[in-house]
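The values are calculated or read from the model by the stated rules, or taken from the named source; none is laboratory data. Computed from a predicted model, the values in this text were never measured in an experiment. Glycine also receives a Cβ, built like all others from the backbone with ideal geometry; neighbour counts cover every protein chain displayed. Just the protein is used for accessible areas: all its heavy atoms, side chains included, with ligands, DNA and RNA removed. Shrake-Rupley method; radii C 1.70, N 1.55, O 1.52, S 1.80 Å.
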Amino acid sequence: QVALKLSLSVEIVDSRITAVLGHDVAIWCITVPSPNNDFLKGRQQLSEFRRAFRQALGLIKAQHSDANMLHLFPAVPVAVAVEVGRVWMPKADLPLRIYDQNSKLSGFVPVYDIASE
């Protein structure tokens, strides 16, 4: 299994992902030096994220050719979440399973699968 954590608004520690997927998972990460709710200051940063996300999707697919799903763990502002949807290509990229933190269940839970038709 392969997971991508987007630690932009808050740091996501790997143990939160292994609690969901087990220890046999390759965890990739896109982050900033000090994740926080106010890190996104302008369009340039959003453009840099878009480039990094596109590159990560390509590298993950190349290095994990046997994967059939990319598990996405986001801690991001809404603008970044929109960019994720704009960058992901259904015919070229791995299907996505998106997780959300659920305090009632004390951890991440899958909330949405995105796959090509």
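List of remarks:
- Mean projection of the Cα convex hull over all viewing directions, computed for the chain: 7.3 nm².
- Highest mean packing first, where packing is the average number of other Cβ atoms within 10 Å per residue, the peptides 23-31, 76-84 line up as 76-84, 23-31.
- Coupling constants for the stretch 88-96 follow from the phi torsions by the Karplus curve (6.51 cos²θ - 1.76 cosθ + 1.60, θ = phi - 60°), and in residue order they are 4, 10, x, 8, 10, 9, 4, x, 10 Hz; glycine and proline get x.
- The label-point distance for Q55 and Y112, in a model that sets each label 7 Å from Cα toward Cβ, rounds to 2.6 nm.
- Spatially proximal lysines relative to K91 (Cα-Cα < 29 Å; intrachain offsets below 8 disregarded): K5, K61
- Cut-off 16 Å, label 7 Å out along Cα→Cβ of S15, residues of the stretch 83-114 by amide N: 106-108
- Spin-label model, F39/Q101: points 7 Å from Cα along the beta carbon direction are separated by 1.3 nm.
- Backbone amide hydrogens, once placed in the peptide plane, bring G107 within less than 5 Å of N102, excluding anything fewer than 5 places away on its chain.
- Anisotropy class of the stretch 35-76 from Cα gyration tensor, a/c 1.5 cut: oblate
- For the stretch 69-117, the square roots of the Cα gyration tensor eigenvalues, ordered a ≥ b ≥ c, give a/c of at least 1.5 with a/b no greater than b/c, which places it in the oblate category.
- Rounded FRET efficiency, nearest 0.05, which uses the C-beta distance separating S47 from V25 and R0 of 25 Å: 0.25
- Solvent-accessible area per residue for the chain (1.4 angstrom probe, square angstrom): 61 Å²
- As a length-normalised measure over Cα pairs under 8 Å and 6 or more apart, the relative contact order of the chain settles at 30 percent.
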